[in-house]
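Notes to accompany the following structure.
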Amino acid sequence: IKPNKDFRVGQIITAKISSVKDDGLTLSLKNAKKDFELSKDEMLNEFNKEEYKEKIGQDIKVMVVAKNPLKLSEKAMAKILAEEAEIEEIRNGKIFEATITETNKGGLVGKYGSYQVFVPASQIKLGFVKDLDKYVGKTLRLKAEKVESKGSRRQIVGSQKVILEAEKAERDAVKAQKEAEFFGSIQEGDVVLGTPVRFAAFGAFIDVNGFDCLAHISDLSWTGCKDCSEVLEIGKNYEFVILKVDAETKRVSIGYKQLKPRPWDLVADKYNVGDVVKGKVVRLVSFGAFVEVEKGVDGLVHVSQISNEWLENPVTALQVGQEVDAKIIDINIEKEKMTLSIKA
């Protein structure tokens with residue numbers, strides 16, 4: 001072997017330790033006409049002259065890192081071998097990370113050790129990527145689609161999309177399993193514990209065992225409400241009743257007011273004929289006035305029961321919003337009707 005001529009950079013060779021000097025080792029190679037130097041700075045282990053004297057005649061592996069003059073290194077060899085072991089794992093499907101340094105017409109370019117990494121534009125994410133430049137400087141998780149390591153061409157063609165697709169499929173499978181378990185465990189009429197997570201104009205979305213159910217605003221209060229926050233509080237736990245289950249469309253309707261007594265259910269315990277109650281005029285009609293005794297309970301004051309004087313129309317004596325005292329002269333729980341008299 002002719003020094004510097006028959007070696008190539010990156011070549012790993014096996015030599016024998018022929019002597020030990022203060023600054024490293026002298027190595028001999030079969031069929032070579034001269035010995036070669038291995039500097040202690042390029043040795044993998046800490047250099048101890050006395051210890052290495054005992055190793056004279058033993059084999060040692062080194063890598064050619066330069067020619068003219070020839071330079072050998074254990075450290076560089078170990079680094080390359082470690083990288084190649086990693087590349088083999090990547091070749092077999094291991095996920096790796098690469099920081100994007102630039103873009104080209106077809107995609108993104110980065111580095112992984114001594115390998116160039118190329119990510120085609122179609123393999124960056126699940127959807128279409130319009131602006132490649134925004135990925136420069138970012139670190140992507142990748143899987144190798146192709147690894148080339150012939151001669152000076154060392155390139156990995158990677159894909160982040162395949163990772164995202166696999167993760168999405170896993171999430172979808174977990175979600176489908178949870179949905180199947182959820183719909184298999186509930187039925188109409190069940191009482192469940194739920195937590196409001198967000199409000200909309202039409203109702204509240206309630207988390208029930210990790211599944212979003214809808215409580216329509218009309219099912220929150222018997223007396224009605226304009227905003228869900230009047231009845232419920234985000235993050236607080238409440239009991240709801242399952243009103244409707246549609247496993248096909250993955251929709252569940254639940255109610256809150258259905259677990260509360262109707263205002264009229266309590267009227268018999270709270271009011272009696274002959275009681276004088278305070279109320280507010282909420283509506284005027286030709287035959288009388290409707291007075292709100294409490295939220296959800298209205299009583300009718302017939303025009304003849306408004307005043308001792310004859311009235312042609314209630315508007316001549318009352319106005320909406322006016323507070324009045326009235327006497328209960330009749331209660332019909334079944335029909336949810338209460339008759340009042342201001343005159344009495």
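General remarks:
- Residue match in segment 168-191 (condition: open to solvent by 60 Å² or more (accessible area, probe 1.4 Å), assigned to a loop (DSSP other than H, G, I, E, B), closer than 30 Å to TYR238 by Cβ and in contact (Cβ under 8 Å) with a residue 60 or more places away in the chain): no
- Flag for VAL267 being of a type in the set (Val, Ile, Thr), surrounded by fewer than 16 Cβ atoms within 10 Å (Cβ to Cβ), part of a helix (DSSP H, G or I) and modelled with pLDDT under 95: no
- Segments classed as strands (runs of 3 or more DSSP E), wholly inside segment 40-156, with at least 2 members that are open to solvent by 50 Å² or more (accessible area, probe 1.4 Å): 59-66, 96-104, 139-150
- Candidate set: segment 287-312, residues that are farther than 22 Å from PRO263 by Cα and in contact with a strand residue (DSSP E or B) (Cβ under 6 Å, 6 or more places away or on another chain); chosen: the one most open to solvent (accessible area, probe 1.4 Å): HIS302
- When VAL252, VAL315 are checked against the criterion of being open to solvent by 40 Å² or more (accessible area, probe 1.4 Å) and outside any loop (DSSP other than H, G, I, E, B), VAL315 stands alone in meeting it.
- Output for segment 38-93, where each listed residue is among the polar types (S, T, N, Q) and closer than 29 Å to ILE156 by Cα: SER73, ASN92
- Only one of the numbered conditions (1) in contact with a strand residue (DSSP E or B) (Cβ under 7 Å, 6 or more places away or on another chain); (2) surrounded by 12 or more Cβ atoms within 10 Å (Cβ to Cβ); (3) at pLDDT 95 or above is not met by PHE199, and that is (1).
The values are calculated or read from the model by the stated rules, or taken from the named source; none is laboratory data. Because the structure is predicted, anything quoted here is derived from the model rather than measured. Cβ sites come from the backbone with ideal geometry, for glycine too, and all protein chains shown count toward neighbours. Note: accessible area is taken over every heavy atom of the protein model, side chains too, but ligands, DNA and RNA are not part of it. Shrake-Rupley method; radii C 1.70, N 1.55, O 1.52, S 1.80 Å.
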